[in-house]
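Here is the structure we will look at.
The values are calculated or read from the model by the stated rules, or taken from the named source; none is laboratory data. Computed from a predicted structure; not experimentally measured. Here the Cβ positions follow ideal geometry from the backbone for every residue, glycine too, while neighbour counts run over all protein chains shown. SASA here: full protein model, heavy atoms, side chains in, ligands and nucleic acids out. Shrake-Rupley method; radii C 1.70, N 1.55, O 1.52, S 1.80 Å.
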Amino acid sequence: MHSYATFLIEFGAVLLGLGLLGRFAGRLRFSPIPLYLLAGLAFGEGGLLPLDASEEFVATGAEIGVILLLLMLGLEYTASDLVSNLKTQYPAGLVDAALNALPGAAMALLLGWGPVAAVVLAGVTWISSSGVIAKVLGDLGRLGNRETPVILSILVLEDLSMAVYLPILTALLAGTGLAAGSVTLAIALGVAGLVLLLALRYGRHISRFVSSDDPEKLLLVVLGLTLLVAGLAQQLQVSAAVGAFLVGIALSGEVAEGAHNLLAPLRDLFAAVFFVFFGLHTDPAEIPPVLLPALALAVVTSLTKIATGYWAARRAGISVKGRWRAGGTLVARGEFSIVIAGLAVTSGIEPSLGPLATAYVLLLVILGPLTARWTEPAVQGLVRRFGKPAPAASGEAPAEDTAGAPAKDTAVASAKDTAVASADATAAESTEDTVPAPRDAAEDQDAFGRP
């Protein structure tokens with residue numbers, strides 16, 4: 001009885017503290033992720049007040065948080081959206097992977113951590129934070145900017161690549177050989193391809209089977225199906241997260257919208273628990289020794305992300321100002337960098353990997369909104385001071401609004417759908433790169449950038 005009471009007190013205090021931290025972050029209009037990580041550091045190994053009774057429950061909640069994050073991500077897209085993005089935007093995805101994954105892998109090898117840790121750190125530095133970026137776009141009034149579809153396309157390709165990356169990482173962390181790892185990857189790709197095929201041809205039938213007018217029944221069916229498929233995927237060494245992502249892709253239409261609305265509060269709750277859990281397993285005393293490598297990695301990968309966004313926007317015919325805005329917006333890392341690092345921490349491959357990933361994400365989740373806001377003005381200021389403005393690329397035109405990329409977040413999707421119809425929207429910073437976008441579409445977003 002005493003341990004049960006202690007569990008309620010500890011877990012209740014954690015949830016209350018997270019709620020207050022989220023409210024504080026919302027008032028300051030920035031992501032609560034760094035505050036959640038700091039809370040985990042404060043109550044974890046070597047922290048101020050370690051948690052004992054509730055740690056096992058928090059660990060289970062963290063696993064559910066990862067599954068719900070990937071499920072909700074899948075609900076944002078349809079199979080046709082993903083196929084369309086693969087056909088049109090894959091060069092940008094390849095450039096993104098090359099410029100941003102290689103610095104992480106190189107740093108791990110320089111630190112002597114070995115090839116498996118190099119694959120992990122490559123994923124940590126590669127994937128941008130969709131939640132932070134979606135909120136930043138709304139806060140800055142850039143949801144209708146011409147460079148925004150380019151940003152969203154890169155984020156979509158990053159998430160789609162997780163279906164290939166996570167099975168490879170899971171096999172490596174499990175210590176399986178080359179043959180077993182190849183089988184795991186083949187199974188993952190086969191399952192992903194099968195789900196995409198079924199979603200394209202029979203998506204309506206799947207959605208009709210899951211659909212229900214009763215919110216309670218819809219929530220139970222979708223959540224139960226997701227956990228079941230995630231468990232089966234984990235049993236096949238494919239990764240529970242990939243299984244959840246594929247379930248989200250298979251659902252479409254009103255079912256996806258209804259499930260998104262019902263599951264959003266659960267997702268935010270368990271995602272917050274996940275960030276705390278990651279912090280719980282990181283000793284604050286281990287962060288100072290890796291702070292310098294984390295800072296160097298943050299500087300390098302900030303520049304490579306800016307270069308990625310600039311190149312992709314130039315390829316899409318966006319003018320120079322829009323290119324710099326696209327690059328600066330992509331800098332933030334967050335939830336999925338921690339998901340990837342969390343898999344490595346639980347496997348115990350390298351003790352210093354968790355602290356370095358924590359410091360790295362803390363730096364970039366704070367720096368990301370600043371680079372999104374100030375990269376383009378800073379470059380323009382330097383150009384005015386030291387040289388002539390760069391001429392527009394030949395053949396470049398103030399392009400038509402290329403609203404072809406799937407929305408990365410519900411807030412982004414709703415704002416993009418209403419941007420053309422709005423006549424009194426708030427103009428973005430540069431009229432040559434913007435179309436009207438309604439400012440109020442993103443003002444009531446939650447801490448993860450969703451309405």
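Quick notes
- Two-decimal ratio, segment 129-256, of alpha-carbon radius of gyration to 2.2 N^0.38 Å: 1.23
- Packing rank of 265-273, 11-19, where each peptide gets the mean count of other beta carbons within 10 Å, highest leading: 265-273, 11-19
- In segment 92-215, taking the dipole from charged Cβ atoms about the Cα centre, the farthest positive-side position among Leu185, Ile206, Ala92 is held by Ile206.
- The listed residues Phe30, Phe7, Phe57, Phe386, once ranked by accessible area (1.4 Å probe) with the largest placed first, stand as Phe386, Phe57, Phe30, Phe7.
- Note on segment 55-134: Kirkwood radius taken over Cα pairs, Stokes-Einstein applied at 25 °C and 0.890 mPa s, translational D equal to 163 µm² s⁻¹.
- Accessible area expressed per residue, segment 194-272, with surrounding protein chains retained (probe 1.4 Å, Å²): 53 Å²
- Solvent accessible area, Å² - Thr60, 1.4 Å probe, full protein context: 70 Å²
- Largest to smallest accessible area among Thr88, Thr78 [probe 1.4 Å]: Thr88, Thr78
- For segment 285-386: accessible area per residue (Å², 1.4 Å): 39 Å²
- Descending by average beta-carbon neighbour count within 10 Å, the peptides 283-291, 162-170 line up as 162-170, 283-291, the highest first.
- For Leu69, the accessible surface of its heavy atoms amounts to roughly 20 Å² (probe 1.4 Å, protein chains only, rounded to the nearest 10).
- By a 1.4 Å probe calculation restricted to protein chains, His281 has an accessible surface near 70 Å², given to the nearest 10.
- For segment 82-177, fraction of C-alpha pairs farther apart than 22 Å, in %: 39 percent
- Pairs over the 25 Å Cα-Cα cut-off, from the set Lys135/Lys305; Lys87/Lys135; Lys135/Lys217: Lys87/Lys135; Lys135/Lys217.
- Rounded Å value of the spacing that divides the Cα centres of segment 96-117 and segment 286-345: 14 Å
- In segment 188-235, the portion of solvent-accessible area held by carbon and sulfur atoms comes to 66 percent [1.4 Å probe, whole percent, DNA, RNA and ligands not counted].
- Probe 1.4 Å, all protein chains present, accessible-area order of Lys217, Lys87, Lys305, largest first: Lys87, Lys217, Lys305
- When the charge dipole of segment 208-292 is built from unit charges on Cβ atoms (+1 for Lys and Arg, -1 for Asp and Glu) and taken about the Cα centre, the candidate among Gly248, Phe274, Leu262 whose Cα reaches farthest toward its positive end is Gly248.
- Legend: Rg and Dmax of segment 246-354, from Cα coordinates, 18.6, 50 Å.
- Solvent-accessible surface of segment 75-134, taken per residue with a 1.4 Å probe and all protein chains present: 36 Å².
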